[in-house]
Amino acid sequence: MTDLTGRTVLIAGATSASGLAATQTLTAAGARVVATGRHPEKLAPLAALEADTETVELADERAVLDLARRLHVRGLTVDGLLHLVGGWRGGGGLAGQTEEDYRVLETSFSALRHLSRAFDEDLRTSPAGRLAIVSSTAVKRPLAGGANYAAVKAASEAWTRAVAQGWAKAARETGEPLRAAAVIFRVTALAGLEERLATAFAGLWDAEAPELNDSVIEIPKDEIQRDQIQDEVRD
């Protein structure tokens, strides 16, 4: 089992089933987990797993900077960031891609931008920094009914790859080994994959940063589930 003793991992958007699974896996591996969400009552199950909980609106840059300051005042620096902020809105073909839906989906990308900047130094200078986002196979084959969703996921992937390039460049310029890695997990849908995602994220610490940085790791569903999801997007 991966040993994460001494690591502090921030789970952004931790109140989902994926956040619960990740918290269980990471705490079992010895990590100190900081779980974030917008509603304190939804964070209670994570606190019961001995996670530190923080109520914060991650799409608000000032709130994220305040979160970073609070953690640093407590002597905590972040070694890992798992970005789970997201959701699905779509269907109805291109005509159904409303501005309201796009703005809701866009909060995931905004949160990623704020978090990766606020904790860039923590992750880049950690002995083993790991950042991971959950993207979608829709990026490879976007459909009209999921255009908003695919566009936000594509932007998030581009941002994550830019983070990876920045970390690699900083390591080269300082003559230090690369110790931080930014990784993209791609799924068709997260339902049913929560435990596999949690295990895959924890397992990032079992590999060296140069092997992982700027990589895409697919976690596939079975064919029946994949076909069902594609049908929903086309409707």
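The values are calculated or read from the model by the stated rules, or taken from the named source; none is laboratory data. In this text, all values refer to a predicted model and were calculated from it rather than measured experimentally. A quick note on method: Cβ atoms are made from the backbone with ideal geometry, for glycine too, and the neighbour counts reach across all protein chains shown.
Condition (residue is within 17 Å of the chain's Cα centre (by Cα) and basic (Lys, Arg)) applied to segment 150-167: is it met by at least one residue? Scanning segment 150-167, I find at least one residue that is within 17 Å of the chain's Cα centre (by Cα) and basic (Lys, Arg), so the answer is yes. When the helices (runs of 4 or more DSSP H) confined to segment 124-235 are screened for residues that are at pLDDT below 95 and under 28 Å from Arg103 (Cα atoms), those reaching at least 2 such residues are found at 223-234.
With respect to Leu105, is the statement that it is touching a Gly at 6+ places or on another chain (Cβ under 8 Å), in a helix (DSSP H, G or I) and over 20 Å from Leu190 (Cα atoms) true? When the stated conditions are applied, Leu105 does not pass them.
Restricting attention to segment 7-30, which residues are free of Cβ contacts under 8 Å to residues at least 60 places away in the same chain and assigned to a loop (DSSP other than H, G, I, E, B)? Selection gives Thr15, Gly30. Here Ala44 clears all of (1) in a helix (DSSP H, G or I); (2) free of Cβ contacts under 8 Å to residues at least 40 places away in the same chain; (3) in contact with an Asp or Glu (Cβ under 9 Å, 6 or more places away or on another chain) except the condition numbered (3). Taking the numbered list (1) crowded, with 24+ Cβ neighbours inside 10 Å; (2) closer than 14 Å to Phe201 by Cα in turn, Gln24 passes all entries but (1).
Does Leu143 qualify as being surrounded by 19 or more Cβ atoms within 10 Å (Cβ to Cβ) and in contact (Cβ under 8 Å) with a residue 60 or more places away in the chain? In short, no.
Is one or more of the residues making up segment 86-100 within 17 Å of the chain's Cα centre (by Cα) and either closer than 22 Å to Gly30 by Cβ or part of a helix (DSSP H, G or I) (or both)? No, that holds for no residue.
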